[in-house]
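Right, one structure below, let's go through it.
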Amino acid sequence: MRRAAFTLIELIFVIVIMGILAKFGVEFLAQAYNSFIFSNINSTLQSQSAAAVETIASRLQYRIKDSVIARETGGAFSALSGYTAGTATILEWIGTDIEGLRGDSMPLWSGIIDLGLSSAATLKSPGTDTTALDALIDALSDGGSSISDAAIYFVGSDSDINNYGWNGVALADHNTSVMHPINAGAVDEFISGIGGVDFSGVDIYEYYQLAWSAYAVELANGNLILYYDYQPWNGESYTNGKSTVIMEDVSTFQFIGIGSIVKIQICTKTALVNDYSLCKEKTIF
């Protein structure tokens, strides 16, 4: 009896076809896998860098605009506006208490001020609630600060960058400082926060901004770190504040100031996909 079977030529033909399919099939699977890995890494880096940029920008937009400085690793600083050396690794600024200004149903500080009638140590701020403001600062700083750590900035006053307290020395004279340390007086009053020094001879402007914290962003060992809850006008530096890591594996953190505008750039990279890198930029007015 004759039995049906594959011939040697047919077997060779099948083996060749299977080899071709195996070769290109493996390459196709490898390409699909690499594409998946790349897309996943790209998506992660996109979201992380966007979140980091927005975290910084959300605080920078409520800065006292003349207070922004670029600080060198060794501690030297200069006003960011016009800074072109490009070697600074730390961006610092003093933030307005936007939460207190928004308040709950009403602002907790009004932004309007005048010299008190009873003493040159008192500033009158109609519509301000210093008791509620003290409680808010305590809550926002997790017990780290109070209204006695706050300071006010007269809008329109002289803004010498050297008189904010960036040099690590507590401000001791209202006449030479830009930030004016305050404490709570009556419910709608501020008193001098510098012991034994009042506001005699100081130009009191009609509008003010209140601040209880400065902020700093530093790139150190690939980590982008945000510092907060510290007061330069009290002689503190960013290392005295609280800190949190905004983003890891950051290769570049750059910033530039043009007038009152600040532009920041964050770049991150990964060695998982041929040193793939990605940068995000943001301009803050």
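The values are calculated or read from the model by the stated rules, or taken from the named source; none is laboratory data. Model, not experiment: these values are computed from the prediction. Cβ placement follows ideal geometry from the backbone for every residue including glycine, while neighbour counts extend to all protein chains displayed.
Here's the yes/no breakdown for (1) of a type in the set (Phe, Trp, Tyr); (2) touching a residue at least 40 places away in the same chain (Cβ under 8 Å):
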| site | (1), (2) |
| --- | --- |
| 58 | no, no |
| 62 | yes, no |
| 68 | no, yes |
| 78 | no, yes |
| 81 | no, yes |
| 97 | no, yes |
| 100 | no, yes |
| 107 | no, no |
Q. Among the residues of the range 83-119 satisfying the criterion of being polar (S, T, N, Q) and within 16 Å of the chain's Cα centre (by Cα), which is modelled with the highest pLDDT?
A. 96
Q: Select from the range 186-204 the residues that are surrounded by fewer than 20 Cβ atoms within 10 Å (Cβ to Cβ) and under 18 Å from residue 138 (Cβ atoms) and list them in ascending order.
A: 187
Q | Matching option when the condition is modelled with pLDDT of 90 or more and either farther than 26 Å from residue 169 by Cβ or touching a His at 6+ places or on another chain (Cβ under 8 Å) (or both), among 283, 268, 239 | A | 283
Q. Looking at the range 211-227, is at least one residue in contact with a Ser or Thr (Cβ under 7 Å, 6 or more places away or on another chain), closer than 20 Å to residue 109 by Cβ and of a type in the set (Asp, Glu)?
A. no
Q: Specify which of the listed residues (163, 175) is surrounded by fewer than 16 Cβ atoms within 10 Å (Cβ to Cβ), closer than 28 Å to residue 77 by Cα and at pLDDT below 95.
A: 175
**Q.** Boolean, residue 129 is among the charged types (D, E, K, R), in contact with an Asp or Glu (Cβ under 9 Å, 6 or more places away or on another chain) and surrounded by fewer than 17 Cβ atoms within 10 Å (Cβ to Cβ)
**A.** no
**Q.** Residue list for the range 117-151, restricted to those being assigned to a strand (DSSP E or B) and under 22 Å from residue 163 (Cα atoms)
**A.** 122, 123, 151
Q. How many residues are under 19 Å from residue 212 (Cα atoms), out of contact with any Leu (no Cβ under 6 Å at 6 or more places or on another chain) and not small (Gly, Ala, Ser) when one looks only at the range 107-121?
A. 1
Q) Which strands (runs of 3 or more DSSP E) does the range 178-285 wholly contain that include 1 or more residues that are closer than 24 Å to residue 160 by Cβ and touching a residue at least 12 places away in the same chain (Cβ under 8 Å)? A) 179-184, 189-192, 208-211, 213-220, 223-228, 250-258, 261-270, 276-284
